[in-house]
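The values are calculated or read from the model by the stated rules, or taken from the named source; none is laboratory data. Given the structure is predicted, the values throughout are model-derived calculations rather than measurements. With ideal geometry, Cβ positions are generated from the backbone for all residues, glycine too; neighbour counts draw on all protein chains shown. For accessibility, only protein heavy atoms count, side chains too; no ligands or nucleic acids. Shrake-Rupley method; radii C 1.70, N 1.55, O 1.52, S 1.80 Å.
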Amino acid sequence: MDEFMQAAIEEAEKGHDAGGVPIGSVLVHEGKIIGRGHNQRQQKGSAILHGEMSALEDAGRQPAHVYRNCVIYTTLSPCPMCSGAIRLYQIPRVVIGENQTFLGDERLLKSSGIEIEVLQDPHCIQLMEEFIAAHPEMWNEDIGE
């Protein structure tokens with residue numbers, strides 16, 4: 001498995017172990033992780049700390065040219081909010097662990113010229129399926145239902 005997707009999975013597991021939704025993400029610039037994150041809505045009482053937003057926050061402020069040369073790895077298809085941030089910062093490539101349990105705004109990302117790669121990783125799928133079955137109310141809140 002790709003080392004960066006593995007790092008995103010480790011973040012997802014960290015979030016799950018802390019009582020949150022198991023979604024993780026890493027932001028990679030020129031082959032180096034510059035931001036790591038996992039969903040922390042429950043842990044921090046946050047409205048916005050999805051995995052991708054958490055990774056962007058961890059990376060701190062970056063010049064525009066850095067974002068334009070990044071790849072963001074995420075264990076789950078990005079929601080509209082996270083897709084908006086990806087578009088805003090013009091991150092050109094998104095590698096997604098899986099989109100079977102949730103299909104985010106991939107169409108919008110593609111229409112913006114962003115390259116999408118979906119791995120359908122069995123571990124990512126299992127993490128989400130088990131979480132959704134065990135905590136449907138937390139999952140529905142996380143995706144705004």
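Checking 92, 78 one by one, the residue that is open to solvent by less than 70 Å² (accessible area, probe 1.4 Å) and either over 21 Å from residue 48 (Cβ atoms) or out of contact with any helix residue (DSSP H, G or I) (no Cβ under 6 Å at 6 or more places or on another chain) (or both) is 92 and no other. Just wondering, is there one or more residues in the stretch 113-122 that are in a helix (DSSP H, G or I) and free of Cβ contacts under 8 Å to residues at least 60 places away in the same chain? Checking the stretch 113-122: at least one residue is in a helix (DSSP H, G or I) and free of Cβ contacts under 8 Å to residues at least 60 places away in the same chain.
Listed by position, the helices (runs of 4 or more DSSP H) contained in the stretch 1-96 that have at least 3 residues being under 19 Å from residue 117 (Cβ atoms) and of a type in the set (A, V, I, L, M) are 3-17.
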